[in-house]
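The values are calculated or read from the model by the stated rules, or taken from the named source; none is laboratory data. Bear in mind that the values here come from a model prediction, so they are computed numbers and not experimental data. All Cβ positions, even for glycine, are placed from backbone atoms using ideal geometry, and neighbour counts span all protein chains on display.
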Amino acid sequence: MISATQAPSLCKAYEPYFRVGAALSSWLVKDPELVEIVCRHFNSITADNQMKPDSVLNLEGTLAQGDPCHAATDFTRVDALLSFARDHQLSVRYHVLAWHNQTPVWFFKKDWENDREAPFAPKEVILARLENYIRDVMQHVNTCFPGVVYTWDVVNEAIEPDQDGPGLYRTRSPWFTAAGQDFLPAAFRAARRYAAPGQTLCYNDYNAFEPVKRDAILDVLKMLKAENLVDTMGMQGHYLLPHLDIAACETAARAYAALGLKLQVTELDIHCNSDDEAHVAALAEAYRSWFAMIKKLVKEGIPVEAVTFWGVTDADSWLPGFRKEPSYPLLITADRKTKPAFDAVLREAEL
């Protein structure tokens, strides 16, 4: 293993195929060594949290302006990461405009009440708030940081078949509780209105390779595609050793591409709960096989916009906290050395 600051550039190796990205927090860009690693190996970044609605929406300002259909915004955290990207010539995936998590409860409530037991605002009010929020975010970003954002996660994780019985949607989402099935196309219609030329609109979800969920997602994408509302399918790519089903990932990717959509892998990591020799070797082979598959698709003409890792090093991965056990899921160790998995992925680019 060698220092990640000295290893050959991952994004340059894959430049003929797709962007290579990483998720990071604005506090990480204050670390000079980590900045060097990011700029060396990635040409796209995603905010892990800073661009989610709870980082942008401002309750105090909303109450002060007194408009029942228009929430106030604060772009301090958004601008910090967009400024970093602009200054270092990195492209940005904006993640995310509409999600049932990390959207404050008051956004859905009558009179902006910050109380889970308060009544929901009427559907027409919720849809107006959604439109105004998407407009404010997209206009701010595209005015202040033109050309930095290349794709928008418009809606995240809205599809969960059979959660509460037959159906496609995550019915316990406050979006669906408040606005019903009109929520999802309404979000994409607003995003299409305010997107800059060349920006793509993405639907993003996890376990998008599982057959039942895949087919549910396909049904919704067909509906959106019929109105020219969606350009890209975002397959999150949170996988587990030893259960990574690369054949199922390929089948799903081909099915999404068959709709005329571009593809992105948006949150790639492979949970690996040990760093012993056997697990290190297994992780390397899993990543090699997965990158061989996605590269094959590109060579066949399937458009893959980007592959984005959910984190830069193991030290900033979300998985130990989520899994409540050790995890070593990325290509770079916590002490910023390249793993055999990094070497395997790099070699695959050269084949």
Tell me which residues, restricted to the stretch 109-157, are of a type in the set (Asp, Glu) and either buried (at least 17 other Cβ atoms within 10 Å of the Cβ) or in contact (Cβ under 8 Å) with a residue 40 or more places away in the chain (or both).
Asp111, Glu131, Asp136, Asp153, Glu157
Quick check: is even one residue across the stretch 166-179 touching a Gly at 6+ places or on another chain (Cβ under 8 Å) and touching a residue at least 24 places away in the same chain (Cβ under 8 Å)?
no
Matching residues, the stretch 109-144, being outside any helix (DSSP H, G or I) and in contact with a strand residue (DSSP E or B) (Cβ under 8 Å, 6 or more places away or on another chain):
Lys109, Asp115, Ala118, Pro119, Phe120, Ala121
Restricting to the stretch 263-284, count the residues that are part of a strand (DSSP E or B) and farther than 13 Å from Ser317 by Cα.
4
If Asp153 satisfies every condition in (1) assigned to a strand (DSSP E or B); (2) on the phi > 0 side of the Ramachandran plot but one, which is the exception?
(2)
Asp231 passes all but one of the listed conditions (1) closer than 24 Å to Leu283 by Cβ; (2) surrounded by 21 or more Cβ atoms within 10 Å (Cβ to Cβ); (3) among the charged types (D, E, K, R); the exception is number (1)
With the structure loaded, tell me whether Phe309 is within 23 Å of Ala47 (Cβ to Cβ), buried (at least 19 other Cβ atoms within 10 Å of the Cβ) and among the aromatic types (Phe, Trp, Tyr) or whether it fails that test.
yes
Taking the stated definitions as given, is Gly198 surrounded by fewer than 21 Cβ atoms within 10 Å (Cβ to Cβ), at pLDDT 95 or above and not in a helix (DSSP H, G or I)?
yes
Cross-chain or 6+ apart pairs with Cβ under 7 Å, the stretch 319-343 first and under 14 Å from His238 (Cβ atoms) and touching a residue at least 12 places away in the same chain (Cβ under 8 Å), then of a type in the set (Asp, Glu) and assigned to a strand (DSSP E or B):
Leu319/Asp269; Pro329/Asp269; Leu330/Asp269
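Rundown of residues vs (1) surrounded by fewer than 22 Cβ atoms within 10 Å (Cβ to Cβ); (2) under 23 Å from Ser289 (Cα atoms); (3) in contact with a Leu (Cβ under 9 Å, 6 or more places away or on another chain); (4) in contact (Cβ under 8 Å) with a residue 24 or more places away in the chain, yes/no style:
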site: Pro211; (1), (2), (3), (4): yes, yes, no, yes
site: His238; (1), (2), (3), (4): yes, yes, yes, yes
site: Ala255; (1), (2), (3), (4): yes, yes, yes, yes
site: Leu259; (1), (2), (3), (4): yes, no, yes, yes
site: Glu277; (1), (2), (3), (4): yes, yes, no, no
If you go through the stretch 63-79 one residue at a time, do you hit one that is under 24 Å from the mean Cα position of the chain (by Cα), free of Cβ contacts under 8 Å to residues at least 60 places away in the same chain and within 22 Å of Tyr150 (Cβ to Cβ)?
yes
